[in-house]
Ligand code: 13P
Ligand code: SF4
C-alpha cells in the first residue's frame, strides 16, 4: 500500500483537510492541504467547509479548531502532542492569579488550554499580538499569559506595563547565546532572526524578531543570503523551499549535541499516524460545551481585530 495514495483517497472520500503547523516534519508539511502558523491555522479551521479536520499541530491548536467549528470532527494524529508553554499555565493557579488583579483584563496567547481561554478577554498569537494589545485603551490594565518572554517583549514594544504570567516554551527558552555567537564567528554575514518567545539576550542580539510566519516573510524579502534561525527548526523547511539559494542554520540550543531545536510535541506526528488518524478517525478532540461557549469569545475577538 502506498501510504500517500491512501491518504489522498481518504481525504477525498471523507471530505477531510490536513492542516499542518510550520513546526511539523517536512514530509507532513508537503502532504498538508494547508501549512501555516497558529494564526493562519485558526483562520483556516474557521473557514474550511471540510467535514473532518486532521490537525498536525499540538493540542491547543486542535482545540482552537474545535472551538471555532464545533460541528466538525477534529482529529489529532497523536493525542500526546501537548505544549510545555500551555502546560506552564494550569487553570486553577491562573484563576487565583487573576483574582489578585480584579481591574485587569486578560490577554492570552493562543498557546493555552481551552480552560484558560474561557478566562480570557481577548486572545492573540505572536503574529497579531501588537495589533491586539493596541486595540485595548491605554489606560486599561492588562494581564498577559502565559509566555513571560513574549509578554516582556510586548511590554517593551508597546510601552505598556502588563502583568505577565511566568510561563515559557521549552524550545524557545533553550537557545544558547554563547553558541549562537560562536556560530556567528563562522558565518559573519549571517543575520540572527528570532521568535519573541526567546529569552531577552537572544532578542537583543537579533537582527529581526517576529512570529514564525513573520520570520519566513522576512527571509523572503531580505537581501541577505545567510541566517541563523532562533525558532523551532521545522520552519527551515519552508525557508529553504522559498529561497533555495540561501543558507539557513538552526540556532543551537544550550544542551544538545545535534545543533537542532525540535519541539518534542510537534514532532510526535508522522505520515503513518496521519494515515491512521484519517482511516480510523482517531483521536477526536472534544471541548466541554460550557467551556467552549466562553472560550470562543476571545478567539473570535482576536480574529475580528486582526482581520
Ligand atoms: P506561531 O504563533 O508563530 O505559530 O507560534 C506557535 C508556537 O507554538 C510557538 O512556539
Ligand atoms: Fe508549545 Fe513551544 Fe512546542 Fe510551540 S514550540 S508548541 S510553544 S512547546
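Each Cα pair under 8 Å and six or more residues apart adds its sequence gap; the mean of these over the residue count of region 60-157 is a relative contact order of 28 percent. For region 159-217, averaging the sequence separation of C-alpha pairs within contact (under 8 Å, six or more residues apart) and dividing by the residue count gives a relative contact order of 30 percent.
Sorting 61-69, 159-167, 124-132 by their mean Cβ neighbour count within 10 Å, with the most densely packed peptide first, gives 61-69, 124-132, 159-167. Pairwise Cα separations in region 126-215 fall into 5 Å bins from 0 onward with the following percentages, short to long: 3, 13, 23, 24, 16, 10, 6, 3, 1, 0.
Roughly what % antiparallel, to the nearest 5, for the DSSP beta bridges in region 172-295?
Antiparallel bridges make up about 10 percent of those DSSP assigns within region 172-295.
Only Cα pairs under 8 Å and 6+ residues apart enter the sum, and on that basis the relative contact order of region 1-83 stands at 26 percent.
Mean residue ellipticity, 222 nm, helices only, the chain: the sum of -39500 (n - 2.57) across DSSP H runs of n ≥ 4, divided by residue count and rounded to 500, is -12000 deg cm²/dmol. Listed by Cβ neighbour count within 10 Å, with the fewest neighbours leading, 104, 172 appear as 104, 172.
Strictly greater than 14 Å: what percent of every Cα pair in region 64-140 meets that? Value for region 64-140 (Cα pairs over 14 Å): 69 percent. From largest to smallest, the equivalent ellipsoid semi-axes obtained for region 199-283 from the alpha-carbon gyration tensor read 28, 17, 12 Å.
Computed extension length for residue 300-residue 279: 4.4 nm, one decimal, from 0.36 nm per residue of separation with the Cα-Cα distance subtracted.
Ellipsoid semi-axes for region 1-95, based on the Cα gyration tensor and the rule √(5λ), read 25, 15, 12 Å when sorted largest first. Once the chain from residue 293 to residue 4 is taken as fully extended at 0.36 nm per residue, the excess over their C-alpha distance is 100.3 nm. For region 42-100, the fraction of C-alpha pairs more than 18 angstrom apart is 44%. Calculated over the chain, the projected area of the Cα convex hull averaged across directions stands at 16.2 nm².
Counting only DSSP beta bridges with both residues in the chain, the antiparallel share comes to about 5 percent.
Coordinate-derived values only; no laboratory data. All figures in this text were calculated on a predicted structure; none of them were measured in a lab. Using ideal geometry, Cβ is built from the backbone for each residue, glycine included, and neighbour counts are taken over all protein chains shown.
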